[in-house]
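Take a look at the structure below.
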Amino acid sequence: MSKQIVIVPDIGTDGAAEVAEVLVSEGDILEVEQSVLVLETDKASVEVPSSHAGRVTAVLVKEGDELQTGAAILEIDTSAGGESTEAAKPEAEEKATKEKAEEPAPQQEAKPAAAPARIEVTVPDIGDAADVEVIELSVKEGDEVQEGDSILVLESDKASMEIPSSAAGQVIELLVKEGDTVKQGQVIAVLQSSGSAPGTDEPKASSEAETKAAAPSQPAPAPAQPSPLTSEVLVNASPDSEAYAGPAVRKLARQLDVDLRKVKGSGPRGRITKEDLRAYVREALKQAGKGAAIPAVPAVDFARFGEIKRVKMSKIQRATAANMHRAWLNVPHVTQFDDADITELEAYRKAQKAEAEKRGVKLTPLAFLIKACALTLKAEPSFNVSLDPGGEHIIEKQYVHIGIAVDTPQGLVVPVIRDVDQKDIWQLAEESMELATKAREGKLMPRDMQGGCFTISSLGAIGGRGFTPIVNTPEVGILGVSKASVQPAWDGKKFVPRTLLPLSLSYDHRAINGADAGRFLTHLVGLLGSAFWE
Ligand code: CAO
């Protein structure tokens, strides 16, 4: 066994830091640089990385302990677990690093006191982290800041850091935005020093002269001096600023989209630990489960009541079940009914019998319905849309593709006829026949069933007075067609026999208002009652 002790590195603070969280336990296998401890002073916290890879044989500290730089944290067996055993920094090197950190940071060139100074705020020493991400801007252009006020928050893999302003003044330029990466020495903001008028970047000759006369040897104003930060973390600096948590917990909270202010901390002084966050998420999921989930239908042993046969559902049946369930749960459905008078349409269709035979096409009311729906989608485009999943946009389609529900031995499928508005009745009759045949023979390709704007579900050949079809979401409308029959209709003087086709229009009430649906169905019924096909 090769034993190594992991110690507290230089954490850039003179006093002791409290152990806020121990992130490892005995037996854990560690990688080099893996966080082992969270230390915190009264306004900063830092994750301490392991200097070695190996198995933890002893944890030498506990939460609440006060530690100084150099204090022993862990005992590690470096012959176990990890291959990499980066040598512990020799003491001399440690010392040199510490001394370097204590050296005063280089000062920027000073400007005369009374000149309206432009002060550049730069990224201070942030340890060896390069290209660190800006996760939050704490100020905006025009804000007045005091020296030490947070300008922005950076986050590396290990820590988040608040970058303080090096001087007081008005922020006249912010040179970075959230998501940018920055490195030490980079200018992040420009301030107009307090006392100089905003917008006067260059010193005015007169005021400069006055200043020189009044105080010829006046010392330079406070320079824009970056504060040394090393890997310190100002814990109350980022989005959930009222929450008390370290960078790793904040990062996890952001990934899980959890508002840390709602999480109760169980650590010292109410500090939120990863376990607190996990417990919060577990509880939230449990509560969501209680409220929104659908109570499962209890399993029944039907064999107790008689003979049964267990039949495997086809792939199409299973897909249909999933699609229907999804649509039923997501779409607030409304269904509207009307009858179209298709007396003339039927007369015309029957008159085309010879022509249909010649063309080898079966002309049913469906072709007329497909065409009439396309024309109605053009006239009432509120139905030719889909809701964008983001919930803030509607996608308006500039094409008219219509799906037809086809009943097949394998289950229900919906092939799509493209550019219906550009095709005539004969083309539509032929194409719908081809697609229905392909569907029944199980020969439809996925592309044959994609891109629909609207669906027609016709049970006219089967029967029924009306039904409420389920919207084929993300489409927003579907037309149910029932069986046409001859009905007595009042012509103003007497009852006359007319062929009426019952229609039901279901729509997604999130996307479509009742008035739009009323206009759509009225337009469609009007078209079917007129000779629109000629
Ligand atoms: N009213 C009265 N008669 C109708 C009619 C209607 N609305 N629609 C069709 N018919 C007639 C046809 O004219 C034809 O009669 P003729 O041979 O005398 O002309 C007969 O019914 C059979 O038509 P069809 O079924 O061969 O052709 P179609 O164009 O009407 O339908 C298709 C094609 C693919 C839609 C159909 O075969 C089908 O699969 N329908 C079921 C759709 C379905 O399952 N929908 C439910 C989805 S939601 O669960």
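Quick notes on this structure:
- Among 179-192, 499-512, 305-318, the order from most to least packed when residues are scored by Cβ within 10 Å on average: 499-512, 179-192, 305-318
- Region 365-415 and region 344-364: distance between their alpha carbon centers, rounded to Å: 25
- Solvent-accessible heavy-atom area per residue, rounded to whole Å², over region 297-421 at 1.4 Å: 63
- Probing with 1.4 Å while keeping every protein chain in the model, the per residue accessible area of region 443-534 equals 48 Å².
- In this structure TYR280 has an accessible area near 70 Å², from a 1.4 Å probe over the protein heavy atoms.
- With every protein chain in place, region 253-374: carbon and sulfur % of accessible area (1.4 Å): 57
- Net +/- balance of residues flanking SER165 in space, Cβ distance below 9 Å, scoring K and R +1, D and E -1: -2
- Neighbours of ILE342, meaning other residues whose beta-carbon lies under 10 angstrom from its beta-carbon, give a summed charge of -2 when Lys and Arg score +1 and Asp and Glu score -1.
- In terms of the mean number of neighbouring beta-carbon atoms within 10 Å, the peptides 282-288, 406-412, 462-468 order highest first as 406-412, 462-468, 282-288.
- Apportionment of accessible area to carbon and sulfur, region 378-515, percent (1.4 Å): 54
- Net charge over other residues, Cβ less than 13 angstrom from the Cβ of ALA58 (K, R count +1; D, E count -1): -1
- Here the gap between ILE462 and SER530, fully extended at 0.36 nm per residue and compared with their Cα-Cα distance, gives a gain of 22.0 nm.
The values are calculated or read from the model by the stated rules, or taken from the named source; none is laboratory data. In this text the structure is predicted, and so the values were computed from the model without any measurement. Heads up, the Cβs are rebuilt from the backbone with ideal geometry, glycines too, and the neighbour counts pull from every protein chain shown. Protein only, heavy atoms only, side chains kept; ligands, DNA and RNA dropped before computing areas. Shrake-Rupley method; radii C 1.70, N 1.55, O 1.52, S 1.80 Å.
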